[in-house]
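Inspection log for the structure reproduced underneath, given as structure tokens.
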Protein chains: 2
Amino acid sequence: MTRAAWIAVDWGTTHLRAWAMGAQGEVLAEAASDEGMGRLRPEGFEPALLRLAGSWVEGPTEVIVCGMAGSRQGWAEAPYRAVPCTPLGPPLAPAPARDPRLAVRIVPGLKQTRPPDVMRGEETQIAGFLASHPGFDGVLCLPGTHSKWAHVSAGEVVSFASFLTGELFALLADRSVLRHGLGPGWDEAAFAGAVSDALARPERLAGGLFGIRAAGLLGQTTGDAARARLSGLLIGAELAAARPYWLGRRVALIGAERLSALYAAALAAQGLATERADARAMTLAGLAAARALATEPAR
Amino acid sequence: MTRAAWIAVDWGTTHLRAWAMGAQGEVLAEAASDEGMGRLRPEGFEPALLRLAGSWVEGPTEVIVCGMAGSRQGWAEAPYRAVPCTPLGPPLAPAPARDPRLAVRIVPGLKQTRPPDVMRGEETQIAGFLASHPGFDGVLCLPGTHSKWAHVSAGEVVSFASFLTGELFALLADRSVLRHGLGPGWDEAAFAGAVSDALARPERLAGGLFGIRAAGLLGQTTGDAARARLSGLLIGAELAAARPYWLGRRVALIGAERLSALYAAALAAQGLATERADARAMTLAGLAAARALATEPAR
């Protein structure tokens, strides 16, 4: 039976992930469910957490949460902090719990006024990365449903930019007319060619997307190449838009293995070497840093 | 009770529209349903047509169909004709019918090899337009789910380009994270600004889309402005990609009233005056032209 010294939680729109943490920062157990913020009303968060991680709770237990649980429609609002600022900072927002053993705190997201942008969850991964790279000066790219590019210097997030790339891919691959022509596999050359096309002619994106369908109907492509081309056009369009972030910079990728590899390949084709960090490890390190911040005495 | 001299049919992916036509080309009755190609198997087309228009059929009746009913997964395949070519041309594809009174023919779509592209249905509207503008030399823009731009000269479609604009708008407005921030109304200035932004910096599209959501969360926009900005960014991106089609050309828009007005406004802001033609009228004129072609003796 696992008894957690504290519980680390990453609560996104579509997922809930929790880790039972030991006193020395070790992971004792982990669990995940699809009870993301999108499926919950505010009063539903505590029961969802207890369903997933209740067996880890014996006595008073700290719970540190990052992600969309801190949005206005979440468990409790953790108001955005404005960049430029450190990725983490007080106050963490307390979230109400009926179970008296739980002390829940939520990490605030970051906001940028011009151009308008927001993040919730990625700030924790950035903090996790900085914990092991304290002097990092460069750019962090966090590919995903809503990819983020963050310029980090002197321990602060200076500016950032978000892209709908992952969500666009999912919508187009699963719900648009393109779905009829996509195979289950992958074609490296088609991906590389599409990234290159999109970077060279980013204004052609909307036409290039329909071209994937037309090429399939005319027998000019395979399903696997079509899937890779769709991904390549969208990632290439993101790279075109994010060029001021990566051109001539030190760039580290924080993300899932497979997706990070695609971004690394796309950037390598532009002559840019990238570092890589595991998203799960960065989240855990960031939540540990947030906990330390929440419990350290006021100075 | 209506008895059709012939029946005109526009059969798209999501809709079925039919008109009972009189001997002089007048519309005697019309009907529509949502039994589009996407919901039908090949054997389902005839029953769907009879449910909608069966009461118009007394004796032998010609049925002329354009649109996706002619695709490989449709009622009967009407193989694409390759541009450059006239928008209509023999042979129309016969479609099987159990009811001996029905003589069904389907208008072929057009294809282009480089860059790969296809259309089904728009060729009929183009033919309808040319019937009343026989000497037209310029560009036809047909905004919609999959917008088309066609260069027309000497009675032929020389080349064309398709854009996923309408489908992207529907997916993003109804199914993406942006749906949370869109109002029911409209903001002309937000639309015009977004078109201008997208034309000036087309490479920023993927970032601009997330920015709509962020601006809403930060209280920098209204729901109505967010909806207009989404539309403006996507139409602006299409105009950026289609620039070789419209720059310095004579352009006519064929489409639904509301959508054509948006394209006309966007192009007017670029200094381009456009003509307008009604999509329904062009479809009917084109189907009448296809019927004349199908029944005229071989020469």
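Structural remarks
- Yes/no for residue B:188 being touching a residue at least 40 places away in the same chain (Cβ under 8 Å), touching a helix residue (DSSP H, G or I) at 6+ places or on another chain (Cβ under 8 Å) and more than 19 Å from residue A:207 (Cβ to Cβ): yes
- When residues of segment B:107-149 are limited to those that are among the polar types (S, T, N, Q) and either within 13 Å of chain A (Cβ to nearest Cβ) or surrounded by fewer than 23 Cβ atoms within 10 Å (Cβ to Cβ) (or both), the one farthest from residue B:78 (Cα to Cα): B:132
- Residue that is nearest to residue B:105 (Cα to Cα) [pool: residues in segment B:28-62 that are in contact with a helix residue (DSSP H, G or I) (Cβ under 7 Å, 6 or more places away or on another chain) and not polar (S, T, N, Q)]: B:62
- Residue within segment A:256-263 that is closer than 30 Å to residue A:213 by Cα and either among the aromatic types (Phe, Trp, Tyr) or not in a helix (DSSP H, G or I) (or both) present: yes
- Options B:131, B:170, B:154: the member that is in contact (Cβ under 8 Å) with a residue 12 or more places away in the chain, touching a Ser or Thr at 6+ places or on another chain (Cβ under 9 Å) and among the small types (Gly, Ala, Ser): B:170
- Only one entry of A:233, A:253 meets the criterion of being assigned by TED's automatic domain parsing to the domain that holds residue A:162 and assigned to a helix (DSSP H, G or I), and that entry is A:233.
- Selection from segment A:1-37 of residues that are β-branched (Val, Ile, Thr) and buried (at least 18 other Cβ atoms within 10 Å of the Cβ): A:7, A:9, A:13
- Taken residue by residue, segment A:127-135 has at least one member that is farther than 25 Å from residue B:212 by Cα, outside any helix (DSSP H, G or I) and modelled with pLDDT of 95 or more.
- Test: residue A:253 is among the hydrophobic types (A, V, I, L, M, F, W, C) and over 30 Å from residue A:16 (Cα atoms): no
- So residue A:139, is it over 22 Å from residue A:239 (Cα atoms), modelled with pLDDT of 95 or more and in contact with a Phe, Trp or Tyr (Cβ under 8 Å, 6 or more places away or on another chain): no
- Of the residues making up segment B:258-276, not a single one is crowded, with 24+ Cβ neighbours inside 10 Å, free of Cβ contacts under 8 Å to residues at least 40 places away in the same chain and under 29 Å from residue A:163 (Cα atoms).
- Set side by side, the residues B:230, B:218 differ, and just one is over 24 Å from residue B:117 (Cα atoms) and touching a residue at least 60 places away in the same chain (Cβ under 8 Å), which is B:230.
- The set of residues from segment A:4-38 being modelled with pLDDT under 95, at negative phi and out of contact with any Gly (no Cβ under 8 Å at 6 or more places or on another chain) comprises A:23, A:24, A:38.
- Residue in segment A:155-173 that is within 13 Å of another protein chain (Cβ to nearest Cβ), surrounded by fewer than 19 Cβ atoms within 10 Å (Cβ to Cβ) and of a type in the set (Val, Ile, Thr) present: no
- Scanning segment A:65-84 for residues that are within 13 Å of chain B (Cβ to nearest Cβ) and either assigned to a helix (DSSP H, G or I) or touching a residue at least 60 places away in the same chain (Cβ under 8 Å) (or both) yields A:68, A:70, A:74, A:83.
- Criterion: among the aliphatic types (A, V, I, L, M) and facing chain A (nearest Cβ under 9 Å) - qualifying residue of B:215, B:200: B:215
- Considering residues of segment B:174-185 that are out of contact with any helix residue (DSSP H, G or I) (no Cβ under 6 Å at 6 or more places or on another chain) and in contact (Cβ under 8 Å) with a residue 12 or more places away in the chain only, the residue nearest to residue B:150 (Cα to Cα): B:184
- Criterion (touching a residue at least 12 places away in the same chain (Cβ under 8 Å), farther than 29 Å from residue A:131 by Cα and surrounded by 14 or more Cβ atoms within 10 Å (Cβ to Cβ)) met by exactly one of A:42, A:87: A:42
- When segment A:168-209 is filtered for residues that are at pLDDT 95 or above and under 20 Å from residue B:232 (Cβ atoms), the ones remaining, listed by number, are A:168, A:171, A:209.
The values are calculated or read from the model by the stated rules, or taken from the named source; none is laboratory data. Bear in mind the structure is a predicted one, so any value in this text is a computation, not a measurement. So basically every Cβ, Gly included, is an ideal-geometry build from the backbone, and we count neighbours across all protein chains shown.
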